[in-house]
Amino acid sequence: MSWSLERDDGTVTEWERSDGYATVRLRERSAGGFVVRLDVMEQATDESAYERERFDDRDAAEERATAWREKRDLDG
């Protein structure tokens, strides 16, 4: 299943998996840095999960967001 960009407003960027049961969110923190969050619901066909990581720079945060989407892509 593919991922689509659902929100990108300069502060929050969020992708949703096509089955609707998983999201990856990248958020800029007001105190500086970035947080990336993976949320896979219990109803998903793959294992549910919730992970959150903090990064100092956006490039590293985007790399993590991409890695989580690739790992949780059900087409692959």
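So here's what we get for this one:
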read-out	value
Per-region count, segment 53-76, residues modelled with pLDDT of 95 or more, more than 15 Å from Glu16 (Cβ to Cβ) and either among the aromatic types (Phe, Trp, Tyr) or in a loop (DSSP other than H, G, I, E, B) (or both)	3
Matching residues, segment 38-52, being under 21 Å from Leu74 (Cβ atoms), part of a strand (DSSP E or B) and open to solvent by 30 Å² or more (accessible area, probe 1.4 Å)	Asp39, Tyr50, Glu51
Qualifying positions in segment 11-37 - among the polar types (S, T, N, Q) and either part of a loop (DSSP other than H, G, I, E, B) or within 8 Å of the chain's Cα centre (by Cα) (or both)	Thr11, Ser18, Thr23, Ser30
Residue match in segment 27-35 (condition: of a type outside the set (A, V, I, L, M, F, W, C), in contact (Cβ under 8 Å) with a residue 40 or more places away in the chain and in contact with a strand residue (DSSP E or B) (Cβ under 7 Å, 6 or more places away or on another chain))	no
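The values are calculated or read from the model by the stated rules, or taken from the named source; none is laboratory data. Remember, it's a predicted structure, so these values are computed and weren't measured experimentally. Here the Cβ is made from the backbone with ideal geometry for all residues, glycine too, and neighbour counts use every protein chain on show. These accessible areas exclude ligands, DNA and RNA; they are computed on the full protein's heavy atoms, side chains included. Shrake-Rupley method; radii C 1.70, N 1.55, O 1.52, S 1.80 Å.
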